[in-house]
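Read-outs throughout are calculated quantities, based only on the coordinates presented, and are distinct from any laboratory measurement. Small disclaimer: the values here were computed from a predicted structure and weren't measured. Cβ atoms come from the backbone with ideal geometry, glycine included; neighbour counts cover every protein chain shown.
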Amino acid sequence: ITSQPLGYFTDLAVSGDGRHLYGTSGASVTVIDTASMTRTAEVTVGPVWDLTRSSSEFTDVTSSVAVNADGTRAYATYHVSTVELATGGYSNGQFIVDRTGRTWRVTGGYEVVTVIDVDRTSTTYGTQLATVRLPEGAHDVAISADGDLLYVSGADGRTVSVIDTSTYAVLGTFVTDPDGSPSGTYGPYRFLLVDPDTAGTLYVTDYADGAVYAVTGAPGGAPAAVLT
């Protein structure tokens, strides 16, 4: 067993050929060479806090990452906070002090899936090709067995969104747990896994009710089975 002090990661994914690891940490996705266990690239995702403006937004955390089978695209989820300079008069809320000592009030946030070019032969290697903002939030990601679909578990603890990987369009959503968190609120994190040996069955964990949902034929419809 070998180890390297590469930092703190919330998720890891390995390329199909096993040569690269992709890790989510802070506001970036890190590329790691598995032979040398060294960082080879770091891609900052989403907006960067602009201290010259009275209101801004920034990526405060990345959550999960997945890589397609041919190792050309990485998909990562992240959360964006929106802020404005605090002018007084607020008795509650969340506040942040920037490096200059000014106080900002957090006014909201949203979650996004980003598409990153990780094809080392491409002229756009290491850049974001597209972003998809999901009203239900975005936590874990998984890719269908044929690579055509991206599944994203919502931060509401109940919804899974289905995205076309060629057009980045949201094809639809389905709900595995109708008793999850109400719309607009955050629920327990759920994790996704695609089984390539069962025609792409999607497995969805649900911490709230202690179940694993087996989903086929997504998007649309109810889970095919519930494993407890």
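Looking at ASP50 and the list (1) more than 21 Å from the chain's Cα centre (by Cα); (2) surrounded by 13 or more Cβ atoms within 10 Å (Cβ to Cβ), which single condition is not satisfied?
(2)
Among the candidates THR124, THR100, THR107, which residue alone is among the hydroxyl-bearing types (Ser, Thr, Tyr), exposed (fewer than 14 other Cβ atoms within 10 Å of the Cβ) and in a strand (DSSP E or B)?
Step by step, each of THR124, THR100, THR107 is checked, and only THR107 is among the hydroxyl-bearing types (Ser, Thr, Tyr), exposed (fewer than 14 other Cβ atoms within 10 Å of the Cβ) and in a strand (DSSP E or B).
I need the full set of residues from the range 135-160 which are under 14 Å from TYR75 (Cα atoms) and under 14 Å from the mean Cα position of the chain (by Cα), in order please.
Within the range 135-160, ALA138, HIS139, ASP140, VAL141, ALA142, ILE143, LEU150, TYR151, VAL152, SER153 meet the criteria.
Go through the range 4-37 and report how many residues are more than 18 Å from GLY71 (Cβ to Cβ) and either basic (Lys, Arg) or in contact with a strand residue (DSSP E or B) (Cβ under 8 Å, 6 or more places away or on another chain) (or both).
The total comes to 10.
Would you check if there is a residue in the range 19-30 being assigned to a loop (DSSP other than H, G, I, E, B), over 20 Å from the mean Cα position of the chain (by Cα) and more than 22 Å from LEU150 (Cβ to Cβ)?
Yes, there is a match, as at least one residue in the range 19-30 is assigned to a loop (DSSP other than H, G, I, E, B), over 20 Å from the mean Cα position of the chain (by Cα) and more than 22 Å from LEU150 (Cβ to Cβ).
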